[in-house]
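Quick one: this structure, given as structure tokens, is what I'll be asking you about.
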Amino acid sequence: MHTRVTGIYRPGKKGRVMLPVYSSRIPAGFPSPADDFVEKKLDLNEYLIKNPAATFIVKVSGNSMTGAGIHSGDHLLVDRSLEPGDRKIVVAALDGELTVKRLRQRNGKMYLASENPDYPEVKLDDLADLKIWGVVTFVIHKV
């Protein structure tokens, strides 16, 4: 199933979410107690959202973007103020339905490309009812 948007949300405006940032890298093996100190605090809103008035969170379903690390049920941060360009992952309104794809531009033609070989890219002709809704800036999913 193509990856499509199933919900649109505005980021919350309640307070700040400050989380500690550790200055050392996290090893995949055994942890080192000597590296256990906090460098600073990170505000997730400030880090993830550059333009609050133009940023939305969308929930997606489908598996056409798994190669880009976007899976069914993930939430995407979408900034509508960013300029879409070649290779950007975008939320696009195509024939009235919101979909998530990688925007491609080749030889003066535009395409919406999936990140899953099971789905062909969609060549956009002059008759296509397309509007780029926003540019995806982050993916949030459970591990």
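The values are calculated or read from the model by the stated rules, or taken from the named source; none is laboratory data. Just so it is clear, the structure is predicted and the values come from calculations on it, not from any experiment. Here the Cβ positions follow ideal geometry from the backbone for every residue, glycine too, while neighbour counts run over all protein chains shown. Heads up: the accessible areas ignore ligands, DNA and RNA and are worked out on the full protein's heavy atoms, side chains in. Shrake-Rupley method; radii C 1.70, N 1.55, O 1.52, S 1.80 Å.
How much accessible surface does GLU97 have with a 1.4 Å probe, in Å² rounded to 10?
My reading of the accessible area for GLU97 is about 100 Å².
Relative to the present Cα-Cα distance, how much length would full extension add between THR6 and TYR47 at 0.36 nm per residue of separation?
Fully extending the segment from THR6 to TYR47 adds 12.3 nm.
Long-range amide H contacts for MET65: which residues qualify at under 5 Å (H placed 1.01 Å from N, peptide plane, sequence gap of 5 or more or a different chain)?
When sequence neighbours closer than 5 places are left aside, the close amide H contacts are THR3, GLU115.
To continue, here is another question. Quick one: how many Å² of LEU42 are accessible to a 1.4 Å probe, rounded to 10?
50 Å²
With r as the distance between the Cβ atoms of ARG106 and HIS71 and R0 = 22 Å, compute the FRET efficiency 1/(1 + (r/R0)^6) and round to 0.05.
After rounding, the FRET efficiency stands at 0.25.
Let me ask something else about it. Once fully extended, how much extra length lies between LYS142 and ASP86, figured as 0.36 nm per residue of separation less the alpha-carbon to alpha-carbon distance?
Stretched fully, the LYS142-ASP86 segment lengthens by 17.3 nm.
Put a dot 7 Å past each Cα toward the Cβ at SER61 and ASN116; how far apart are the dots in nm?
According to this spin-label approximation, the distance is 1.3 nm.
I would also like to ask the following. Among 56-62, 117-123, how do they line up from the highest to the lowest mean number of other beta-carbon atoms within 10 Å?
Top of the packing list down: 56-62, 117-123.
Moving on to the next point. Under 5 Å between amide H atoms, partner at least 5 residues away or on a different chain: which partners does ASP74 have, H built in plane at 1.01 Å?
So ASP74 has HN proximity to VAL60.
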